[in-house]
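Just so it is clear, none of the values below were taken in a lab; they were calculated from the coordinates. None of these values were measured; they are calculated from a predicted model.
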Ligand code: FE2
């Protein structure tokens, strides 16, 4: 790990001391995917990732244009939406990008004010403040575009007691696979095209009031073949973290460029889901057919005591067990973290998942980047896209 990364001031509270946060965010509300077949996608996520049936909207609830299945696990809520006819604008998104994230919804006290503050600062509107009501109260939502065709939706639900949103009904199913211990979304990463990272970073600073609290250049994130650059953006209370990646020149094609080619533009690269027992969670995910990136070489695991230094004394996981499951380990001055990455979960090599367990560490596994990217490159080579 470089000196620069070690010296980073992680105390976001300090950065914001005295400053007014014009966009207070309470947390992630939901993430909505546009997919080709929401019914089947919901079945996959329930079976493979242990999500629970939560809410539904479609023909049976009077929605004639699209169907949405909401699945949940602890604090994570995923909405899977599919159009019901060829005229829906959702089709264009799916034709262009394949299955992918359309909406990163943020839970706020005041959706109207959030929309006004951000559009005033230059955000392009996706949806003007809209009040939706049913017998359980009302929800106010408003949306703005971020990178590519991705949207941030502000959700104000303090006056709502129903299931999810007005228009949805509770989804009860006879098929309820057990959860796998996923707790909340730790961070969500966006991939943007050549020379777009700084522009996107500036957008998050100016429009959303975020701060750039961690940066990695192409010298830190490089292998023999390819490279990328990354900057981590965070909101004022540190609950929302969006790393932004851009490809960098290397001998061969950057994994970020591969994503941009297949997603046909900027978009969400991965969702990192937190667990407090990664060994149990990953064992369960593997048994249910989730595919992970192949493990780094033996030398990586031999070097763990070196990499962890004094944190070895608080580490209670068995290294051979981590190796058996291909789980990666990294440390910073505050502690260590355990992480693993799935292969892309659709046929286009685009969106994938990270499973992460933080044991004090606040970073993103910079010490693992090289091992991780070499693993991704072996997969790219198989796809003929390296
Ligand atoms: Fe990540």
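Here is how the numbers come out for the structure above:
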read-out: With eigenvalues of the C-alpha gyration tensor scaled by 5 and rooted, the chain, Å; value: 33, 24, 21
read-out: Equivalent ellipsoid semi-axes - Cα gyration tensor, the range 239-356, angstrom; value: 27, 17, 15
read-out: Binned Cα-Cα distance frequencies in the range 27-170 - 5 Å width, integer %; value: 2, 10, 17, 23, 22, 17, 8, 2, 0
read-out: For the range 330-386: span of alpha carbons on each principal axis (Å, largest first); value: 40, 20, 11
read-out: Along principal axes, Cα extents of the range 111-190, largest first, whole Å; value: 47, 35, 19
read-out: Translational diffusion of the range 288-386, µm² s⁻¹ [Kirkwood Rh, Cα pairs; Stokes-Einstein; 37 °C; 0.692 mPa s]; value: 231 µm²/s
read-out: Most fluctuating residue given options 186, 334, 277, as computed from a GNM of the chain linking Cα atoms under 10 Å; value: 334
read-out: Using alpha-carbon coordinates, inclination of helix 197-208 to the longest axis of the chain, degrees; value: 50 degrees
read-out: Computed helical MRE - 222 nm, the chain, DSSP H runs ≥ 4 contributing -39500 (n - 2.57), nearest 500; value: -7500 deg cm²/dmol
